[in-house]
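Scroll down for the structure; my scribbles are underneath it.
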Amino acid sequence: MPEADLALLEQAAREAGEIALRFWRAGPAHWDKGGGAGPVSEADLAVNAHLEALLRKQRPDYGWLSEESPDDPARLAAARCFIVDPIDGTRAFLAGEEGFSHSLAIAEGERVIAAIVHLPARNETYLARADGPALLNGRPLAPAEHPIEGARVLAGKPSLDPALWRGRPPPIRREFRPSLAWRLCLVAEGRFHAALSTRPAWEWDIAAGSLIAARAGCAASELSG
């Protein structure tokens, strides 16, 4: 079943990309969700509606958790649950940048078993299932090892606030990409040595990317280890 679930997620992500690209660089309506949750656009909602209709029709017994859907506590009783970020990197999407993704995962209990991170503007699809390799467009991924000093790390500026570290922040080369899911995949790909976020993250931010990173051979953990 994980293989069939992964194929379903890939179909859904590619269809989501087709929808998103119709809005991309076309001035979609957007507004702020408030409470520090950031922006949302009509594209986010259109993608979310399509994903929910497609995935829940194909797996009606699966729960549903999405950034753009009201939470349904019934998901907690389901054996498996979709975890979806319709557009991860909405700010980049609205700015006309390529670094936005569709992040889709399926969890079985607390374990993620299938994951897709699709970047339609870049034609890149990262995927993994719990018992298989991590792939980018069909090519196996492998992370790159490097000493901490001089390592290329994807992180926002707040993550290197000295107040968060015992002593000084590590001597790394900091870079940034807008989609957290994509950041995890870039480390899995070996293009960066690590990704770090000290800000709160939701399940839809990290479920897909963390499985892809782990199946590539990375260590993926929360700040507590």
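The values are calculated or read from the model by the stated rules, or taken from the named source; none is laboratory data. Predicted model, so just to flag it, every value in this text is computed and none were measured. Glycine gets a Cβ as well: all are built from the backbone with ideal geometry, and neighbour counts include every protein chain shown. Protein only, heavy atoms only, side chains kept; ligands, DNA and RNA dropped before computing areas. Shrake-Rupley method; radii C 1.70, N 1.55, O 1.52, S 1.80 Å.
The table below lists the values:
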item: Computed FRET value (nearest 0.05) for R22 with W165, which takes r as the C-beta separation and R₀ as 30 Å; result: 0.10
item: The chain, accessible area per residue, ligands and nucleic acids excluded (1.4 Å, Å²); result: 50 Å²
item: Pairs of alpha carbons in segment 150-224 whose separation is greater than 14 Å (percent); result: 59 percent
item: Debye equation applied to the C-alpha atoms of segment 67-152, log10 I(q)/I(0) at 0.14, 0.15, 0.16, 0.22 Å⁻¹; result: -0.67, -0.75, -0.83, -1.10
item: Acute angle (nearest 10 degrees) that the helix 42-58 long axis makes with the longest principal axis of the chain, alpha-carbon atoms; result: 60 degrees
item: Gaussian network model of the chain, Cα within-10 Å springs - most flexible of E15, E149, E52; result: E149
item: The chain: relative contact order as a whole-number percent, Cα under 8 Å and 6+ apart; result: 19 percent
item: Viscosity 1.306 mPa s, temperature 10 °C, Stokes-Einstein D of segment 182-225 from Kirkwood C-alpha radius, µm²/s; result: 151 µm²/s
item: Segment 154-225, dipole about Cα centre (Lys/Arg Cβ +1, Asp/Glu Cβ -1), debye to the nearest 20; result: 300 debye
item: Relative contact order [Cα under 8 Å, 6+ residues apart], segment 1-134, whole percent; result: 25 percent
item: Rounded tilt (10° steps) of 2-23 against the dominant C-alpha axis of the chain; result: 90 degrees
item: Debye log10 I(q)/I(0) at q = 0.12, 0.16, 0.20, 0.23 Å⁻¹ for segment 7-124, Cα point scatterers; result: -0.41, -0.72, -1.07, -1.31
item: Degrees between helix 180-189 axis and first principal axis of the chain (Cα, 0 to 90, nearest 10); result: 60 degrees
item: Spatial extent of segment 101-225: Rg and Dmax, with the Cα atoms as the point set, Å; result: 14.2, 43
item: Rg(Cα)/(2.2 N^0.38 Å) for the chain, N = residue count; result: 0.99
